[in-house]
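Notes follow the structure.
The values are calculated or read from the model by the stated rules, or taken from the named source; none is laboratory data. Everything numeric in this text was worked out from a predicted model, so none of it was measured. Cβ coordinates were reconstructed from backbone atoms using ideal geometry, including for glycine residues, and neighbour counts include every protein chain displayed.
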Amino acid sequence: MSFDAPTFRRTVGQFATGVTVITIEAEGTVHAMTANSFTSLSLDPPLVLFCVGKNTKMGQLVQRARGFSVNILHAGQQDLSSYFAGAWRQEAAPPFQFARGDGTARLEGCAAALECSMYAVYEGGDHWIVVGRVETVHRTDDRCRPLVFFDGRYVSVDEALQDAAPRRPLVEGG
C-alpha cells in the first residue's frame, strides 16, 4: 500500500453523500449517531446497510439490537448532524425529539426515515457492516433539499455541483 490513511480518507471524501442519523434502542435508552456510510442494498427484500466502527458504543450495541432506524436529514438539520457526530460545541443540544415506531425510535422532522429489523451484521475491517430489513418507511410531504457532505464539510447541492469541476488527476498506489 503506497498511501496513508489520511490520503485514503481525503480521496473517498470526494464522494458526495447524504447524511443520516442512525438510532438504536438498547437498555431502555435511544442511542444515535451520524452516518454517511449508508446505502440501499436490495429491493426484494427491502434491505439497507450502514457501517459503524467496532470500537464505538454504537458498534457494540448493534450486536444486541433487534432493529434500528435510518433518519435521512434535510439541509436544515446540520446542527443535528453535528450533535450526533459528537462535534457539537454549544452548551445546550439543538432541539430534537424521537418518535416511537414499531420497535425502534426515529428522529422527528427528517426528510425521511426507515424503521428496520436487524437482518445481518458482517465484519468489515475495523467496522461492522450492519444490514437491516426495512419494515416501515416515513416521508415528509415536502420536497426538501438534502443535507450533503463533501470534501470534509457540509455543502448545498448547488455547491457540490460547482465543486465537481474537473481537477488535475492524482494517482497514488496501484
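Cβ-Cβ contacts under 7 Å between residues 6 or more apart (or on different chains), taken from a first residue in the stretch 88-106 that is assigned to a loop (DSSP other than H, G, I, E, B) and of a type in the set (A, V, I, L, M, F, W, C) to a second residue that is surrounded by 10 or more Cβ atoms within 10 Å (Cβ to Cβ) and at pLDDT 90 or above, are listed as Trp88/Ser82; Ala93/Tyr83; Phe96/Leu80; Phe96/Leu107. In the stretch 36-46, of all residues being within 21 Å of Gly103 (Cα to Cα) and in contact (Cβ under 8 Å) with a residue 24 or more places away in the chain, the one that is surrounded by the most Cβ atoms within 10 Å (Cβ to Cβ) corresponds to Phe38. Looking across the stretch 111-140, the residues that are surrounded by fewer than 20 Cβ atoms within 10 Å (Cβ to Cβ), farther than 13 Å from Pro46 by Cβ and not β-branched (Val, Ile, Thr) come down to Ala112, Met118, Ala120, Tyr122, Glu123, Gly124, Gly125, Asp126, His127, His138, Arg139. Taking the listed residues Leu73, Leu114, the one that is closer than 17 Å to Phe38 by Cα and touching a helix residue (DSSP H, G or I) at 6+ places or on another chain (Cβ under 9 Å) is Leu73, with no other qualifying.
Check whether at least one residue in the stretch 73-83 is crowded, with 20+ Cβ neighbours inside 10 Å and hydrophobic (A, V, I, L, M, F, W, C), and report yes or no. Yes: the stretch 73-83 contains one or more residues that are crowded, with 20+ Cβ neighbours inside 10 Å and hydrophobic (A, V, I, L, M, F, W, C). The selection criterion, being more than 22 Å from Val157 (Cβ to Cβ), in contact (Cβ under 8 Å) with a residue 24 or more places away in the chain and of a type in the set (A, V, I, L, M, F, W, C), holds for Leu49.
Could you check how many residues of the stretch 34-72 are in a strand (DSSP E or B) and in contact with a strand residue (DSSP E or B) (Cβ under 7 Å, 6 or more places away or on another chain)?
Here is the first cut: in the stretch 34-72, the residues in a strand (DSSP E or B) are 34-35, 38-43, 46-53, 67-72.
From the residues that got through so far, the ones that are in contact with a strand residue (DSSP E or B) (Cβ under 7 Å, 6 or more places away or on another chain) too are 34-35, 38-41, 46-53, 67-72.
Residues flagged as in a strand (DSSP E or B) and in contact with a strand residue (DSSP E or B) (Cβ under 7 Å, 6 or more places away or on another chain) within the stretch 34-72 amount to 20.
Does the stretch 117-154 hold any residues that are part of a strand (DSSP E or B), without any contact (Cβ under 8 Å) to a residue 40 or more places away in the chain and not basic (Lys, Arg), and which are they? Steps first, answer last, please.
The initial filter retains those residues of the stretch 117-154 that are part of a strand (DSSP E or B), namely 117-124, 127-139, 146, 148-150, 153-154.
Filter once more, so that each one left must be without any contact (Cβ under 8 Å) to a residue 40 or more places away in the chain: 120, 122-123, 136-139, 153.
Residues satisfying the conditions are Ala120, Tyr122, Glu123, Thr136, Val137, His138.
Being surrounded by 20 or more Cβ atoms within 10 Å (Cβ to Cβ) and farther than 14 Å from Pro146 by Cα is the filter here; which residues of the stretch 19-30 pass it? Scanning the stretch 19-30 gives Ile22, Thr23, Ile24, Glu25. Listed by first and then second residue, the pairs with beta-carbon distance under 7 Å, at least 6 apart or on different chains, first residue in the stretch 1-18 and under 14 Å from Val148 (Cα atoms), second small (Gly, Ala, Ser) and at pLDDT 85 or above, are Gly13/Gly152.
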